[in-house]
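See structure below.
The values are calculated or read from the model by the stated rules, or taken from the named source; none is laboratory data. Since the model is a prediction, treat every value here as computed from it, not as a measurement. For neighbour counting, all protein chains shown are included, and Cβ atoms are generated from backbone atoms with ideal geometry for every residue, glycine included. Please note that ligands, DNA and RNA were not included when accessible areas were found on the heavy atoms of the full protein model with its side chains. Shrake-Rupley method; radii C 1.70, N 1.55, O 1.52, S 1.80 Å.
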Amino acid sequence: MATTSRATASRSSRRAVRSGLGGHTAELIGLVLACAGLALLIALATYDPHDPSLNTASSRETRNLVGPLGAIVADLLLQSFGVAAALPGLTLLVWAWRLVSRRGMGSVAVRLAGLLGSIPVVAAVLASMSVEGATTWPTLAGPGGASGRLLADAVLGVSARLAGPAGEALTWIGGVGLSVVLVALALGLTISEWRSAGRAAKKIGRAHV
């Protein structure tokens, strides 16, 4: 009996140690993800088209708060995907919160697939909502970036040729629905967490009215 009790206690101790290490590892990974997400969002928020980058030669000092690397990354993402470039930063913050709060992330492969798929789809939806050449925010490529514009023109063009305006409209609605599903998969929030986020957003909105 004593031997069995000691063995049971030993196994429980080992499980506790592994659990503690796993928790600390998750918190450390969450902290790294939070820092990366914040750095990316700050780089995008302080984007200056006149900063030196891959397609801008300039001798002036970089004004991006994340430095030269931030200026390059922000220019590349905004030129390519427009406002959808903020999705990776926001997603990393959500992942960090779930890890630090011990809520878990579920399938990492599903989260990554959702994120990688949502960026071009959201960019295409945003590009399709703007008139080409009329909107130049946040860059000259527009709210969906160059990649979003190309994807939107290609998909909507095929739909229009196959089924006319109705097919184009249905394709756009499908794109909006797909973008919502992919973003939801990337974030991995539960229904109750979405409700909590909605209530928090309402409170913030009322506070600023």
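Just one of (1) farther than 22 Å from Val155 by Cβ; (2) crowded, with 20+ Cβ neighbours inside 10 Å fails for Trp97. It is (2). For the range 70-94, a tally of residues being more than 26 Å from Leu187 (Cβ to Cβ) and open to solvent by 20 Å² or more (accessible area, probe 1.4 Å) returns 1.
Among the conditions (1) out of contact with any Gly (no Cβ under 7 Å at 6 or more places or on another chain); (2) in a helix (DSSP H, G or I); (3) on the phi < 0 side of the Ramachandran plot, Trp137 misses just one, which is (2). Would it be correct to say that Ala160 is more than 21 Å from the chain's Cα centre (by Cα), surrounded by 14 or more Cβ atoms within 10 Å (Cβ to Cβ) and either in a helix (DSSP H, G or I) or among the aromatic types (Phe, Trp, Tyr) (or both)? Yes. For the range 78-117, taking the residues that are of a type in the set (Lys, Arg) and farther than 14 Å from Leu31 by Cα, the one that is nearest to the chain's Cα centre (by Cα) is identified as Arg111. The set of residues in the range 182-203 that are open to solvent by less than 100 Å² (accessible area, probe 1.4 Å), free of Cβ contacts under 8 Å to residues at least 40 places away in the same chain and among the hydrophobic types (A, V, I, L, M, F, W, C) comprises Ala197, Ala200, Ala201. Taking the criterion of being touching a residue at least 24 places away in the same chain (Cβ under 8 Å) and under 23 Å from Ala86 (Cα atoms), the residues of the range 156-180 that qualify are Trp172, Gly175, Val176, Leu178, Ser179.
List the pairs whose first member sits in the range 42-62 and is over 29 Å from Leu93 (Cα atoms) and among the hydrophobic types (A, V, I, L, M, F, W, C), whose second member is at pLDDT 85 or above and surrounded by 14 or more Cβ atoms within 10 Å (Cβ to Cβ), and whose Cβ atoms are under 6 Å apart, counting only residues at least 6 apart or on separate chains? Sorted first by the residue in the range 42-62, then by its partner, the list stays empty. Taken together, Gly114, Gly144, Gly167 contain a single residue that is surrounded by 15 or more Cβ atoms within 10 Å (Cβ to Cβ), under 20 Å from Leu44 (Cα atoms) and out of contact with any Pro (no Cβ under 8 Å at 6 or more places or on another chain), which is Gly144.
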